Structure formats: structure tokens, C-alpha cells
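Worksheet: one structure, shown below.
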Amino acid sequence: MAGETLTIALSKGNLLKPTTQMFSTVGLPVEGVDEDSRNMVFSFAEPAVKYIMCRPTDVPTYVEQGAADLGIVGKDVIEEQSRDVFELVDLGYGYCRFVVAGPQRMQGIPIKQLNYKRAATKFPIVAERFFRSQGLQVEIIKLHGNIELAPIMGLADIIVDIVSTGRTLRENDLVELVNIMESTTRLICNRVSYRTKHDQIQPLVELMQNTVKRG
Amino acid sequence: MKNREIPKGLRDLLPEEVAVQRSMEQKAAHLFTSYGYREVVTPTCEFLDVVEAGTGGDIRKELFMFMDRDGGILCLRPEMTVSIARLAATHMQDEGFPQRLYYMCNVFRHVQPQRAQYREFWQLGIELLGASGVWADAEVITIAAKTMRAMGLDDFKISLNQIAIFNSLLNDSGLGESDQNQIRHLVERKDLVELARVLEGLDIKDAIKESIALMPVLHGGLEVLNRLPFAEHNRQAAEAVGELERIYQALQACGVIEHIVLDLGVLRGLDYYTGVVFEGYSPDLGYGLLGGGRYDNLMGHFGFDRPATGFALGLDRLALVLDQPKELPRRFLVGGADFATVVAEADRLREQGCMVEMDVEGCSKEQLQAKLHGRNDYHLIYLGEDQEVN
């Protein structure tokens with residue numbers, strides 16, 4: 001089964017540039033790989049790889065269902081999608097954190113006082129899992145964007161969101177209450193591809209691990 | 001509008017799909033029988049206690065459970081191995097062993113439905129009860145591979161491991177049960193990132209850490225067993241490695257070695273496995289097709305301590321990767337003015353083994369020709385008053 005094309009699902013957006021940089025370091029072709037291009041699929045003959053451009057949230061789905069063998073995606077997305085995929089390498093870039101945030105006046109409150117509050121979030125699974133693990137009952141309100149608006153308008157008491165620098169929080173007079181987890185970009189793999197294309201995937205994994213170690 | 005809803009994750013199987021499934025079942029039955037396996041059927045529901053005694057409690061979130069009228073908790077069977085172990089412990093204690101049994105049954109799991117994953121799905125498999133030793137494992141793995149081949153699949157791999165290698169390594173580490181379970185879970189899910197982080201934080205020997213980190217990526221032929229230095233210092237691990245080698249060699253004699261890969265990251269989810277475990281994959285489907293292994297303690301839960309080994313194959317998944325049959329069987333449609341003549345002709349053809357439909361609507365020859373327009377798998381016979389046959 002060796003020598004078959006390896007299909008890799010790439011996250012569009014701000015992960016794409018560091019991903020193509022890393023790919024060229026490990027010897028994968030990147031010529032012309034650009035999300036502004038009209039192409040959604042990029043094929044190369046030597047080595048035989050195919051990239052597909054996906055919304056980050058779709059990458060775990062492509063990989064779980066075997067439409068792609070490998071995927072490049074943030075741990076935040078992996079957690080929220082909860083897909084059954086292998087997670088092979090921490091690529092280090094694309095750092096962000098899941099946090100619970102609330103209005104200034106809540107700064108420093110003990111976590112147990114979040115009980116029975118309402119939390120607005122784009123990430124209901126991560127939020128629900130976190131509060132439940134803390135033994136807290138928090139009502140989750142799923143929104144699709146501008147989460148910071150929810151506490152201002154009284155739709156929710158707190159929010160669960162992704163931050164990288166914390167600027168958006170500050171601009172909306174919100175403060176971080178709890179750091180739920182940190183996230184970086186990962187190489188994920190389909191369960192079956194890992195076995196059937198092991199000879200192609202394992203060397204790539206080792207190259208990427210070494211690249212990360214060297215920083 | 002009548003209600004046409006069916007419960008989530010369940011399916012109707014239409015004639016073409018059933019034909020594919022029955023054809024797979026026939027091929028498997030033929031193969032299993034040729035190895036001396038006999039078919040059994042167990043009840044669709046079992047007591048929860050029985051299922052959990054076998055599988056461990058983790059499976060509960062995937063069970064369809066309900067109460068009987070005496071307050072007992074029942075569940076739809078989530079797999080067949082536990083039921084077969086119970087059946088054998090109940091009915092076969094006085095028979096000679098080993099016993100070879102096979103099954104073809106529907107099983108039920110309350111999972112998120114998606115492609116290749118349904119809440120009711122069909123499994124067939126074998127259990128070789130009362131035999132320990134690598135020849136028994138080799139027989140079961142060989143039949144697993146030959147089943148795939150019999151169904152027309154040539155491009156597939158079976159990944160093989162001996163879970164005692166990993167378990168004895170964990171026992172040697174001196175870690176507590178919850179740490180061990182966490183590591184097992186991470187290796188099983190191949191979450192190498194979290195595994196590395198957890199190992200870093202643990203106060204155990206570096207050599208053991210390195211070996212644990214290596215296990216999920218060791219994959220290949222016999223040579224991967226040389227990359228397990230710790231096995232020399234651990235008697236149980238060394239024995240398990242030796243067993244894996246002997247099974248590999250036995251499989252060379254069985255003619256299926258081209259499909260076999262050693263993969264020390266295969267642990268299988270169910271608690272009852274004790275030794276050799278394996279999984280089968282096709283590159284055309286992102287989900288496993290079959291799984292199995294040795295479960296020497298399971299029958300003991302039902303008061304009849306015997307070693308055992310077996311496998312189960314998911315028919316719904318296999319159907320997704322098989323080529324559809326190219327040619328439909330040739331059929332006859334017999335019509336005519338006189339019913340008795342039509343019946344006689346149809347019966348005559350059926351006795352020759354043909355598939356024969358009769359026109360039961362009293363159509364004319366032209367009407368029947370119109371019905372069959374474009375259907376070149378049909379052969380029309382119209383019996384007119386002059387007995388003309390076309």
C-alpha cells in the first residue's frame with residue numbers, strides 16, 4: 001500500500017502561513033499553496049501529497065471520516081469537535097487559551113461562585129465539559145460570534161472564549177476569571193490511515209517532531 | 001401525512017442492500033463451517049449484569065437499557081462475545097473442548113450515528129472456546145483474514161499486538177490505577193501529545209517512560225520487537241513478545257502473512273481481552289472493519305473457566321468497501337392469456353433454477369413489453385393463444 005497519495009486537510013486562516021513554513025522545513029511541497037487561490041485542492045506528484053483547504057472546524061471531520069489522512073488544526077477545535085482522531089504532534093504554533101471571562105467586578109471571585117450563572121460561548125462542548133468537571137451547574141448559551149456582547153447586554157453573566165493576547169477582552173471591559181486550557185496547533189491522523197499508510201506517515205511525524213524540538 | 005419517522009441511527013435495508021449482506025453471510029458461513037464452526041443464536045437482550053460482567057462498566061453509556069416487568073434491568077446486546085461465553089458456560093460444560101462457534105447477529109449501541117456507524121448494526125464472527133496457545137490464535141486470525149478475502153477484499157491489513165507487553169510494562173512502572181488507566185487511554189487513542197505531557201510529569205524510570213512513549217508508534221514486521229529493550233528485564237513482557245513472534249511465524253504457515261502487521265499501539269477498548277489482540281482495516285474506509293483477540297478470563301465470570309479467542313466483523317462497514325455485484329441475476333417474466341398455461345411455464349422454469357415472476361395483472365404482450373422497457377436483466381415470455389413463446 002506504499003506510494004499512495006497522502007491527503008492532508010489544512011486549516012484556512014491564520015494557521016496556514018506557519019503551516020506552510022513548517023511543511024517546507026520538513027520537505028513537503030508548498031508551491032502555490034495559498035488560500036487566496038481559487039483552488040481548494042492542491043496536488044503534487046513528488047512526494048505524492050494532496051492538500052485540501054478547509055475551515056478549521058471541518059478539519060477533524062475530514063480526518064475522522066477518512067476523507068483526509070492527516071490534518072493540521074488547533075487543539076481548541078479538536079476539543080470542541082470531540083472527533084475520534086489520533087493526535088500525533090504538537091506543532092507549537094497558533095497559541096491560544098480557553099478562558100472563562102466576566103465583567104470587571106467579578107475579578108478574583110472563587111470559581112464555585114460561578115454556579116448557576118449563564119455562560120455565552122461559541123464552544124458549548126468545551127464549556128459544558130469544564131463546568132461539569134468542576135461540579136458546577138452553568139447554563140450554556142450558544143452564540144455564533146461577538147461573544148463579548150452577551151454580558152454587556154445582560155444575555156449572560158460570563159463568557160467562555162478563546163483568547164490569544166487578551167486584547168479583545170480588555171476592550172470590552174472583561175477580565176479573565178479562569179484559564180480552562182491552552183491550545184496549540186496539532187497534527188491529527190485518521191485511525192485507519194495511521195495503519196495502512198504507516199510507512200509514509202511515521203517518517204513525517206518524526207520530521208515534524210524534530211522540527212518542533214529544534215524550535 | 002402518516003408518521004414515517006424511525007428512531008435515530010436505525011435503518012431500513014432495501015433489497016439491493018440485503019442481497020449484499022446475505023451474500024457476505026453465505027460466504028462467511030461457508031468458510032466458518034469449513035473450519036468446523038457451528039452457528040448459534042442468542043437472545044437480542046441480556047441482563048445488564050451479564051453484559052457488564054463481561055465488558056466492564058465503561059460500555060454502559062453506549063447501551064440501550066430498559067426494565068422488565070419484574071424490575072430487572074435489560075439491555076440490547078452491544079456485542080456477541082459476552083453472550084456466547086454465557087451460552088457456552090450454561091449449555092456446553094459437558095461437551096468436549098475446544099468448541100468452535102460462530103454467529104451472525106444484529107447488535108445495538110447508542111452512539112452518535114454517522115457514516116459507517118449506526119445504532120443497530122450487523123456483526124458476524126467466531127469464538128474458539130477452551131483452547132489456549134498460539135495455534136488457536138493463529139487459526140482465528142487466519143479465518144479473519146480469509147473472511148475478508150472470501151468477500152472479495154484483497155487490500156486490507158490486520159494489526160496484531162499482545163496487550164500483556166503493555167500491561168506488564170505499566171505494572172512495572174509502579175503507577176497507581178488511575179495513572180495507568182489514563183496512559184492506557186492515551187495510547188489507545190494515539191494522543192501522543194498528551195501522552196508525552198503526562199509522562200513528563202510522572203516520577204518513574206526514564207527507560208519505562210521511553211518505552212511507553214514508543215509503544216504507540218511501533219508498527220511493522222518482526223523487527224519492531226527488537227525495539228523493546230525493557231522486555232528483557234520483565235519476564236511477563238518477554239513471554240508476551242515471544243508469543244507474538246510465535247503467532248507471527250504460525251501465520252506465515254497459514255498463508256495470510258501478507259496482511260499481518262505488528263502494531264504495539266493496538267489495545268482494543270473492551271476490558272475482557274487478556275493476550276493477543278488484532279484489528280482489521282481497509283485503506284478505502286476510515287474506520288476499522290474487524291477486531292478480536294484472546295479473552296481468557298471472560299468465561300470464568302460465568303462460572304466456567306476456559307481460555308478463549310475470537311473475532312467479530314462489521315458487515316455494514318464491509319459493505320461500504322466491497323464492489324457492488326456487477327451483473328444482476330437474469331430473471332423471467334411470464335405472461336399470457338391463460339393463467340394455467342402461465343403457471344405451468346413459470347413452474348417449469350423455476351424447476352430449472354430460474355428466477356421467475358408471473359404477470360398477475362392480466363397484461364397484454366405490449367403492456368408487458370412497456371413495463372420492461374430498458375430492463376435488460378429481464379427476459380419476457382408471453383404465452384398467446386397459439387402458445388407462441390418469445
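The values are calculated or read from the model by the stated rules, or taken from the named source; none is laboratory data. No experiment lies behind these values; they were computed from the predicted model shown. We place every Cβ from the backbone using ideal geometry, glycine too, and count neighbours over all the protein chains shown. Heads up: the accessible areas ignore ligands, DNA and RNA and are worked out on the full protein's heavy atoms, side chains in. Shrake-Rupley method; radii C 1.70, N 1.55, O 1.52, S 1.80 Å.
Determine, yes or no, whether A:ILE159 is touching a Ser or Thr at 6+ places or on another chain (Cβ under 7 Å) and not aromatic (Phe, Trp, Tyr).
When the stated conditions are applied, A:ILE159 passes them.
Give the stretch B:281-317 a look and list any residue that's of a type in the set (A, V, I, L, M, F, W, C) and more than 14 Å from chain A (Cβ to nearest Cβ), or say none. Don't jump to the end; show me each part of the working.
Step one: of the stretch B:281-317, the residues of a type in the set (A, V, I, L, M, F, W, C) are B:285, B:289-290, B:298-299, B:302, B:304, B:308, B:311-313, B:315.
Answer for the stretch B:281-317, where residues must be of a type in the set (A, V, I, L, M, F, W, C) and more than 14 Å from chain A (Cβ to nearest Cβ): B:LEU298, B:MET299, B:PHE302, B:PHE304, B:ALA308, B:PHE311, B:ALA312, B:LEU313, B:LEU315.
Look through the stretch A:1-15, keep the residues that are of a type in the set (Val, Ile, Thr) and within 14 Å of chain B (Cβ to nearest Cβ), and return whichever of them is least open to solvent (accessible area, probe 1.4 Å). Step through it out loud before you land on a result.
First, pick out the residues of the stretch A:1-15 that are of a type in the set (Val, Ile, Thr): A:5, A:7-8.
Narrowing further to those that are within 14 Å of chain B (Cβ to nearest Cβ): A:5, A:7.
Values: A:THR5: 62, A:THR7: 18 Å².
Once the filter is applied, the top-ranked residue is A:THR7.
Of the residues that sit in the stretch B:216-231 and are touching a helix residue (DSSP H, G or I) at 6+ places or on another chain (Cβ under 6 Å) and within 12 Å of chain A (Cβ to nearest Cβ), which one is farthest from A:GLN200 (Cα to Cα)?
B:PRO216
From the list B:LEU153, B:LEU192, B:LEU175, exactly one residue is closer than 28 Å to A:GLN200 by Cα and out of contact with any strand residue (DSSP E or B) (no Cβ under 9 Å at 6 or more places or on another chain). Which is it?
On the way: B:LEU192 fails: out of contact with any strand residue (DSSP E or B) (no Cβ under 9 Å at 6 or more places or on another chain); B:LEU175 fails: closer than 28 Å to A:GLN200 by Cα.
Of the residues listed, the single one that is closer than 28 Å to A:GLN200 by Cα and out of contact with any strand residue (DSSP E or B) (no Cβ under 9 Å at 6 or more places or on another chain) is B:LEU153.
How many residues are surrounded by 15 or more Cβ atoms within 10 Å (Cβ to Cβ) and assigned to a helix (DSSP H, G or I) if we restrict to the stretch B:216-238?
9
Could you run through the stretch A:184-214 and say how many residues are more than 10 Å from chain B (Cβ to nearest Cβ), without any contact (Cβ under 8 Å) to a residue 24 or more places away in the chain, over 30 Å from A:THR165 (Cα atoms) and of a type in the set (S, T, N, Q)?
Counting residues in the stretch A:184-214 that are more than 10 Å from chain B (Cβ to nearest Cβ), without any contact (Cβ under 8 Å) to a residue 24 or more places away in the chain, over 30 Å from A:THR165 (Cα atoms) and of a type in the set (S, T, N, Q) gives 0.
For B:VAL277, state whether it is crowded, with 24+ Cβ neighbours inside 10 Å and of a type outside the set (S, T, N, Q).
Working: crowded, with 24+ Cβ neighbours inside 10 Å: yes; of a type outside the set (S, T, N, Q): yes.
So B:VAL277 passes the test.
For (1) among the charged types (D, E, K, R); (2) in a helix (DSSP H, G or I); (3) within 30 Å of B:PHE156 (Cα to Cα), each residue gets a yes or a no:
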residue: A:PHE130; (1), (2), (3): no, yes, no
residue: A:GLY135; (1), (2), (3): no, no, no
residue: A:ILE140; (1), (2), (3): no, no, no
residue: A:ILE159; (1), (2), (3): no, no, no
residue: A:GLU176; (1), (2), (3): yes, no, no
residue: A:ARG186; (1), (2), (3): yes, no, yes
residue: A:ARG195; (1), (2), (3): yes, yes, yes
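Just checking, which of B:ARG86, B:ARG38, B:ARG22, B:ARG69 is under 18 Å from the mean Cα position of the chain (by Cα), over 23 Å from B:TYR118 (Cβ atoms) and basic (Lys, Arg)?
Details: B:ARG86 fails: under 18 Å from the mean Cα position of the chain (by Cα); B:ARG22 fails: over 23 Å from B:TYR118 (Cβ atoms); B:ARG69 fails: under 18 Å from the mean Cα position of the chain (by Cα).
Selected residue: B:ARG38, the only one of B:ARG86, B:ARG38, B:ARG22, B:ARG69 that is under 18 Å from the mean Cα position of the chain (by Cα), over 23 Å from B:TYR118 (Cβ atoms) and basic (Lys, Arg).
Conditions (1) at pLDDT below 90; (2) farther than 21 Å from B:ARG149 by Cα; (3) open to solvent by 20 Å² or more (accessible area, probe 1.4 Å), marked per residue:
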residue: B:LEU244; (1), (2), (3): no, yes, no
residue: B:CYS254; (1), (2), (3): no, no, yes
residue: B:GLU258; (1), (2), (3): no, no, yes
residue: B:PHE302; (1), (2), (3): no, yes, yes
residue: B:ALA319; (1), (2), (3): no, no, yes
residue: B:PRO329; (1), (2), (3): yes, yes, yes
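Cβ-Cβ under 8 Å, sequence separation 6+ or interchain: first residue in the stretch A:9-27 and more than 15 Å from A:MET53 (Cα to Cα), partner assigned to a helix (DSSP H, G or I) and open to solvent by 20 Å² or more (accessible area, probe 1.4 Å). Which pairs?
Close Cβ pairs (under 8 Å, with a partner that is assigned to a helix (DSSP H, G or I) and open to solvent by 20 Å² or more (accessible area, probe 1.4 Å)) amount to A:MET22/A:THR211; A:THR25/A:THR211; A:VAL26/A:LEU207; A:VAL26/A:THR211; A:GLY27/A:LEU207.
Report whether or not B:ARG197 is part of a helix (DSSP H, G or I), closer than 22 Å to A:VAL212 by Cβ and of a type outside the set (Gly, Ala, Ser). If you could, list the steps in order and put the result at the bottom.
Values: part of a helix (DSSP H, G or I): yes; closer than 22 Å to A:VAL212 by Cβ: yes; of a type outside the set (Gly, Ala, Ser): yes.
Yes: the conditions hold for B:ARG197.
Given the criterion charged (D, E, K, R) and more than 14 Å from every other protein chain (Cβ to nearest Cβ), identify the matching residue among B:ASP172, B:ASP191.
Values: B:ASP191 fails: more than 14 Å from every other protein chain (Cβ to nearest Cβ).
Answer to the selection: B:ASP172.
Run down B:ALA213, B:ALA207, B:ALA150 and say which single residue is within 14 Å of chain A (Cβ to nearest Cβ) and open to solvent by 30 Å² or more (accessible area, probe 1.4 Å).
Numbers: B:ALA207 fails: within 14 Å of chain A (Cβ to nearest Cβ); B:ALA150 fails: within 14 Å of chain A (Cβ to nearest Cβ).
One residue alone meets the criteria, B:ALA213.
Could you list, in sequence order, the residues of the stretch B:103-133 that are of a type in the set (Ser, Thr, Tyr) and open to solvent by less than 20 Å² (accessible area, probe 1.4 Å)?
First, pick out the residues of the stretch B:103-133 that are of a type in the set (Ser, Thr, Tyr): B:103, B:118, B:132.
Within the stretch B:103-133, just B:TYR103 meets the criteria.
Residue-by-condition table, conditions (1) of a type outside the set (S, T, N, Q); (2) touching a Leu at 6+ places or on another chain (Cβ under 9 Å); (3) more than 21 Å from B:LEU289 (Cβ to Cβ):
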| site | (1), (2), (3) |
| --- | --- |
| B:ILE84 | yes, yes, no |
| B:ALA89 | yes, no, yes |
| B:GLU95 | yes, no, yes |
| B:PRO98 | yes, yes, yes |
| B:PHE108 | yes, yes, no |
| B:VAL111 | yes, no, no |
| B:TYR118 | yes, yes, no |
